[in-house]
Amino acid sequence: MKRTGWVKRNIPDPETIAGHMYRMAMLSFLVDGKENLDKTKIMQMTLIHDLAECIVGDITPFCGIPPDEKHRMEDEAMENICLLLGDKGPEILQIFREYEKQESPEAQYVKDLDRLDLLMQAYEYEKRDNIPGELDEFFVAINGKIRHPFINKLAIDIIEERGKLCRKMNTSK
C-alpha cells in the first residue's frame, strides 16, 4: 500500500507503508550506545508503529478524519491483528500503544525517527524528480518538532542539503 501523502502530491513510484517501516527499522541502528534507550524496543516499535495501516490505510491530516477517530480505528485494527499473533499479540499491542501514547523515551525517539524519515523521503523525491522546493509542506510540518538532539542534527543537515539543492536548481533554470 502506497503512502497517502506522496500519492496525493503525485509523486511517481512513492514508497509503501512496508518500505517506510523497513527504513524506520534501519534508522533505528542510529541509536547511540551511550544513550539510555532500549535498542530492541526501538527496533520493534519501528516495525510495529504503522502496522495498523495495512487495515485502515495511511490516514493523514488531509484525509479529514479527526485524530481521536484515527487513533480509535488504528487501535481496533491492531487489536484484530494481534489476535492472530498468539502469545506475542499482547506484547506487540503494548508496544504499539506505548508508541501512540508517546510516554516513553523510546516512543519519542521513534517518533523523531519517523519525522526524520519524512524529511529524508521528501528531499529524495525533490532531488530524484527534479522538483526542488515542491514538497515544502512536509518540511514545514516537521519544523521544530524533533526533540532528540542527534536526530535534530541529522534533520538540520538534510534541510541544509535541500537548501543547496534548491539554490542550485533555481539558478540553473
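We did not get these values from a lab; they are worked out from the coordinates using the rules stated. Predicted model only: the values in this text are computed from it and were never measured. No Cβ is skipped: glycine too gets one built from the backbone with ideal geometry, and neighbour counts run over all protein chains shown.
Extension gain, VAL56 to LYS70: 0.36 nm times the residue separation minus the Cα-Cα distance gives 4.2 nm. Note on LYS88: lysines with a C-alpha under 30 Å away, same-chain residues under 8 apart excluded, are LYS2, LYS34, LYS39, LYS41, LYS70, LYS101, LYS111. Counted over the stretch 133-173 with a bin width of 10 Å, the fraction of Cα pairs per bin, in whole percents, is 27, 49, 20, 4.
The simple Förster model, with R0 at 22 Å and r as the Cβ-Cβ distance, assigns ALA141 and THR16 a FRET efficiency of 0.60. Helix 17-27 and the long axis of the chain differ in direction by around 80°, with both axes built from C-alpha atoms. Any idea what angle helix 149-171 forms with the longest principal axis of the chain, computed on alpha-carbon atoms, 0 to 90 degrees, nearest 10? Result, in degrees: 30. The GluC sites (Glu not before Pro) of the stretch 52-104 that meet both conditions, a loop assignment by DSSP and at most 12 other Cβ atoms within 10 Å of the site Cβ, are GLU103. Taking every alpha-carbon pair under 8 Å whose residues sit at least 6 apart, the chain reaches a relative contact order of 18 percent.
Pairwise Cα distances in the stretch 1-95 exceed 15 Å for 67 percent of all pairs. The calculated pair-distance distribution of the stretch 57-151 uses every alpha carbon pair, bins of 10 angstrom beginning at 0, and gives 14, 33, 35, 16, 2 percent. Taking packing as the residue-averaged number of other Cβ atoms within 10 angstrom, the listed peptides 110-121, 15-26 run from highest to lowest as 110-121, 15-26. Extending 7 Å from Cα along the Cβ direction at GLU100 and again at ARG23 yields two label points whose distance is 2.5 nm. With the convex hull of the Cα atoms taken as the outline of the chain, the averaged projected area works out to 10.6 nm².
Label-to-label distance for ARG9 and ASP129 is 0.7 nm, based on points extended 7 Å past Cα in the beta-carbon direction.
Neighbour counts of other Cβ atoms within 10 Å put ASP38, ASP32 in the fewest-to-most order ASP32, ASP38.
So which aspartates and glutamates pass the test for LYS164, namely a Cα distance under 20 Å, with those fewer than 8 places away in the same chain ruled out? Here the aspartates and glutamates satisfying the reach criterion relative to LYS164 are ASP117, GLU124, GLU126, ASP129, GLU134, ASP136, GLU137.
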